[in-house]
Amino acid sequence: MVKMSGSHALIEALHKEKVDVIFGLPGGAIMPVYDVLLDSKIRHILVRHEQSAAHMADGYARASGKVGVCMATSGPGATNLVTGIANAYMDSSPIIAITGQVPRAMIGKDAFQETDIIGITTPITKYNFQPRHASEIPKTVKMAFQIALMGRPGPVVIDLPKDVQMEVADMVFPEKVEIRGYKPNISPHPLQVEKAAELLSKAERPFILAGGGVIISNASQYLQALSELLLAPVATTFMGKGCFPENHPLSLGVIGMHGTLEANKSILEADVLLAVGTRFSDRSTGKIDEFCPDAKIIQIDIDPSEIGKNKAIDVPIVGDANKTLFELYNSLSKRLEKRESSLWSKRIQQIKEEFKDKIKVDQEKDLVPQKVLKELREILPVDTIVTTEVGQNQMWASLYFKVYKPRTFISSGGLGTMGFGFPAAIGVKVARPDVPVVDIAGDGSFTMTANSLATSVAENIPVTVVILNNSMLGMVAQWQRLFYNRRYSAVELGEYPNFVKLAEAFGAQGIRVGSIDEFKKAVKQALISDVTTVIDVPIPPEENVFPMIPAGKGLREIIY
Amino acid sequence: MEEKQGKNYIISTIVENKPGVLHRASNMFRKRGFNIDSISVGPTEHKDLARMTITINGDETTVEQLIKQLSKLVDVIKVSVLNPQNSVIRELALIKLHVADAKARSDIINYANIFRGRIVDVAPASMTVEITGTPDKIDAFLSLASTFGIKEIARTGITALVRG
């Protein structure tokens, strides 16, 4: 037992969890912690807006698989984190947000910068804590890390009243804590695995739909082994992008609203669908009643509440994707011989051939997003980690920027948070300083968190931003073109800001390109640059992202 | 009242007995669009555990999803669906009735006795009856009592335990 203040206990506990970085911004109610932080080995990265701190922690978490930590003061500091916390919740990303709170005696009195962050974040966290005594802090931090990482990961908030931070108490740092109400089931039920293996071994047209859960549980190698054994094509959800190499003959790319034609067409021919680590989101399935109505569906998920939530399931398996795919593979390898090809795999190649280059790309213009992203892929090393903003840029990235490794494509899937990509890229770079990090951006999204340029330059975290600049809120404009009679309502951004000057004002490098050759040169320049580089790529303002399944429609109604 | 379509379910849960647990549960119901008929919470034989009894009307899929979502809450330790045939189910109601005259007063006392209720308050123009039992029994008393004129009703919602 050691006597120390709540703040000391917090930093010590974070240290014990091997936290090496915190993204944050101080304020009145968190000052005792910041004072202690000054003497600790933990690196603090100062943001210019708390939303970015949460996104940075999120990017850090997704790239590393570890918990990302962000910190802010009470009131507006805490509420500014909310978008980032909700984002992490929707995409199952393990972050811990530490917020200051007014002293205990002031809680509930509408004190200066008081906000009920526990109430606000209850629906968007796995759990949240407000220790009322300093002595609870070590155990609280231990539990927070366990909850954030265990089972299906997600965000946890620790709200610390200022006087609790200052209170001195005897501290006990537990090695492990028992959380009796939260014990995720990691090992799949053997009987269910057998049932699934039986079904898959008899399938004529097996199909694998792989989601973000495959990335989270590091199950890519078993996924690939299983796919090759079954000769089952793999489509990923948007969140699953990267869990299966997109240059693999059995890869169909991403499914869903802006998924590839081959994925959306061929999944409907499947007789047995193996869905792993996916929650059948509306963006992936389109109209749910028309999604694989005749296929037998096997669903693997670590979260029992996801099984059958959106789609009725024939063989449910609760378990970790990694462990379950491994066991499923073992079971299947006893039943099946590895083959070179099958009727179904030939059919898949035929579908891929049929839809190859089906999407029209402007041949006259040079700087169109499709070509820009293909070129970007050519230049960037395989290990490069790409983040995206939200909207057209994101969907073009999904379609045209092929990804070969898990955790190298990081994007805001569930919440669709504009402004996510750039701060997330900074967080990724902190976790992985050894690889290039590139944010594929749109001009609208990038402007939302562009103030993070200050952080990236001041903290020496160089990343590259490629802005596909159409001077529009492009995705909204696309919907207005397609579904609102071309009536543009509040989507024209104009040529503001001047991104080169903006970058330079923050001490970063800004390059505007006028041709594909200039673009290639700029990317190469960015890759060797010591400072963050913003590459402004003007693209045609009225370019659509195709294919597209209109909202509420089934996969068959894909337009291109 | 809304037309009830599905079946009635009684869900009994053991939860951490600490502040905020009811908030977390009710927040989840609201967020997921579950319509709860009643919820009652009270301490158990272990001082750090509470029992939360929830009644819901719905189809099987809805109830299954509700149970999964409840189980997912960190503060929820155990969730079970009670079989009414094999459970003791009770609700308590306080019913304040108009008393028009002496005859009404004696009728109310008689009815209360038949239902094993108790008169817990008497005022010049009203009486309050306490009834404990299954919701059906309370409903039956209420329909009878409505002839006197009901001023106010307070019902606790169901609490229940498995027999044996």
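The values are calculated or read from the model by the stated rules, or taken from the named source; none is laboratory data. Predicted model, so just to flag it, every value in this text is computed and none were measured. Because the Cβ atoms are built from the backbone with ideal geometry, glycine has one as well, and the counts that use them run over all protein chains shown.
Points worth noting:
- Against the conditions (1) in a helix (DSSP H, G or I); (2) within 14 Å of another protein chain (Cβ to nearest Cβ); (3) in contact (Cβ under 8 Å) with a residue 24 or more places away in the chain; (4) of a type outside the set (Asp, Glu), B:Ala104 satisfies every one except (2).
- Considering B:Leu97, B:Leu66, the condition of being within 12 Å of another protein chain (Cβ to nearest Cβ) and either under 17 Å from A:Ser305 (Cα atoms) or touching a residue at least 12 places away in the same chain (Cβ under 8 Å) (or both) is satisfied by B:Leu66 alone.
- Counting only helices (runs of 4 or more DSSP H) that sit completely within the range A:179-298, those holding 3 or more residues that are touching a residue at least 24 places away in the same chain (Cβ under 8 Å) and either in the same structural domain as A:Ser412 (by TED's automatic domain parsing) or surrounded by fewer than 22 Cβ atoms within 10 Å (Cβ to Cβ) (or both) correspond to A:190-202, A:220-230.
For (1) in contact with a Gly (Cβ under 6 Å, 6 or more places away or on another chain); (2) in the same structural domain as B:Ile158 (by TED's automatic domain parsing), each residue gets a yes or a no:
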| position | (1), (2) |
| --- | --- |
| B:Ser40 | yes, no |
| B:His46 | no, no |
| B:Lys78 | no, no |
| B:Ile95 | no, yes |
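- Checking A:Glu340 against (1) within 14 Å of chain B (Cβ to nearest Cβ); (2) at pLDDT below 95, the condition it does not meet: (1)
- Any hit, the range A:35-57, residues being at pLDDT 95 or above, in contact with a Leu (Cβ under 7 Å, 6 or more places away or on another chain), surrounded by fewer than 21 Cβ atoms within 10 Å (Cβ to Cβ) and more than 25 Å from A:Thr417 (Cβ to Cβ): yes
- Qualifying residue in the range B:2-20 (condition: in contact with a Gly (Cβ under 7 Å, 6 or more places away or on another chain) and not in a strand (DSSP E or B)): yes
- A:Lys195 under 23 Å from A:Ser305 (Cα atoms), charged (D, E, K, R) and more than 14 Å from chain B (Cβ to nearest Cβ): yes
- Entry remark, the range A:100-126: residues being buried (at least 23 other Cβ atoms within 10 Å of the Cβ) and without any contact (Cβ under 8 Å) to a residue 40 or more places away in the chain number 2 in total.
- Count - residues of the range A:277-302 that are among the acidic types (Asp, Glu) and touching a Gly at 6+ places or on another chain (Cβ under 7 Å): 2
- Residues of the range A:504-560 that are in a strand (DSSP E or B) and over 17 Å from A:His258 (Cβ atoms): A:Gln509, A:Gly510, A:Ile511, A:Arg512, A:Thr533, A:Val534, A:Ile535, A:Asp536, A:Val537, A:Pro538.
- Among the residues of the range B:33-46, none qualifies, meaning not one is within 12 Å of another protein chain (Cβ to nearest Cβ) and within 24 Å of A:Ile124 (Cα to Cα).
- Options A:Val386, A:Val435: the member that is surrounded by 21 or more Cβ atoms within 10 Å (Cβ to Cβ), outside any helix (DSSP H, G or I), of a type outside the set (Gly, Ala, Ser) and not assigned by TED's automatic domain parsing to the domain that holds A:Leu250: A:Val386
- Only residues that are within 14 Å of another protein chain (Cβ to nearest Cβ) and among the acidic types (Asp, Glu) were counted in the range A:141-183, giving 2.
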